[in-house]
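Colleague: Below are the structure tokens for one structure; questions will follow.
The numbers here are math on the coordinates, done by the rules we state, and not lab data. Here the structure is a predicted model, which is why all the values come from computation and not from measurement. Ideal geometry is used to build each Cβ from the backbone, glycine not excepted, and the neighbour counts take in all protein chains shown.
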Amino acid sequence: MFLVFTLILVGLQWSFGVPAPVRTDFHRMMSIAGILQHEVEGLLNKSMDNSIIFRNMPKYPEKTPSSSITGKSFPQNLEDMVLKGHLFYFHVAEMSRHLKNLTRRPAVVSTIFTTVKATLQRLLQTVKKNFESVHPEMGPLTTPAPPEFPERSFFEQKSHGTVVLLRLGEWVKNVQRVLRQHHVAPAHGSQ
């Protein structure tokens, strides 16, 4: 009986042009962001242990995505997450291409790089899906084109890797913070 009433109510909402409630999956986004945070920390530690990156941020960091999340509204925050997330993905992929130059044992960290890239991709897909279901009026999110990376010396590769991984770690923390700020707890008894 309750199911019939619910279906009638949803049908009435649609027939009157009132949007039906859309369930956003904040828990999934938060969960994936938490997993990514853990993986990035592991990648940072392994990269430092294998001397792939420096232990401190270089004095003059080169052009990499910012770790901040910009926008005055939650939809703008999500757009910025997707944009910068893709840019970080491209930079991490660039780093993983140079592993043979940076360490004698690239196999030790290459699987971690692959895992981080896959989790980052999963987070971006989840954010995009939620954005497009909750804010269809804003249109689909655009994916940036991969940047062109210059040839780099050994030192420049290590410097680039250091900046990318440290900023990626900060970015993931900012993603989690923004998601927590905009999270609305589900109504009691609903799921």
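Colleague: For the pairs K46/K72; K84/K158; K72/K129; K59/K84, note any where the Cα-Cα span goes beyond 31 Å.
Modeller: Over 31 Å Cα-Cα: K46/K72.
Colleague: OK, next. Could you tell me the convex hull volume per residue, in Å³, taken over the Cα atoms of segment 23-83?
Modeller: On the way: hull volume 6.5 nm³, N = 61.
Per-residue hull volume (Cα only) is 107 Å³.
Colleague: Sort all Cα-Cα distances of segment 50-191 into consecutive 10 angstrom bins from zero, then give the percent of pairs in each bin up to the one containing the longest distance.
Modeller: 10, 37, 31, 15, 5, 1
Colleague: Hey, for a label at T111 modelled as a point 7 Å past Cα toward Cβ, could you say which residues of segment 37-56 have their backbone N under 20 Å away?
Modeller: 37-52
Colleague: Quickly work out the H135-to-R28 label distance, labels modelled 7 Å from Cα along the C-beta direction, and quote it in nm with one decimal.
Modeller: It works out to 1.8 nm between the two label points.
Colleague: Right, here's the next one. Stretch Q181-M57 to full length: gain in nm at 0.36 nm per residue minus the Cα-Cα span?
Modeller: Working it through step by step, the gained length comes to 41.8 nm.
Colleague: Work out from phi, with θ = phi - 60° and the Karplus expression 6.51 cos²θ - 1.76 cosθ + 1.60, the ³J(HN,Hα) of each residue of segment 112-123, listed in order in whole Hz, and give x for Gly and Pro.
Modeller: Calculated HN-Hα couplings, in order: 5, 4, 4, 5, 4, 4, 5, 5, 4, 4, 5, 4 Hz.
Colleague: Residue by residue, what Karplus-based ³J(HN,Hα) values in Hz, rounded to whole numbers, does segment 37-49 have, using 6.51, -1.76 and 1.60 with θ = phi - 60° and x for Gly and Pro?
Modeller: 4, 4, 5, 5, 4, x, 5, 4, 5, 5, 5, 5, 4
Colleague: For segment 139-147, what does the Karplus curve 6.51 cos²θ - 1.76 cosθ + 1.60, with θ = phi - 60°, yield as ³J(HN,Hα) per residue in whole Hz, taken in order and with x for Gly and Pro?
Modeller: Result, ordered by residue: x, x, 6, 8, 9, x, 6, x, x Hz.
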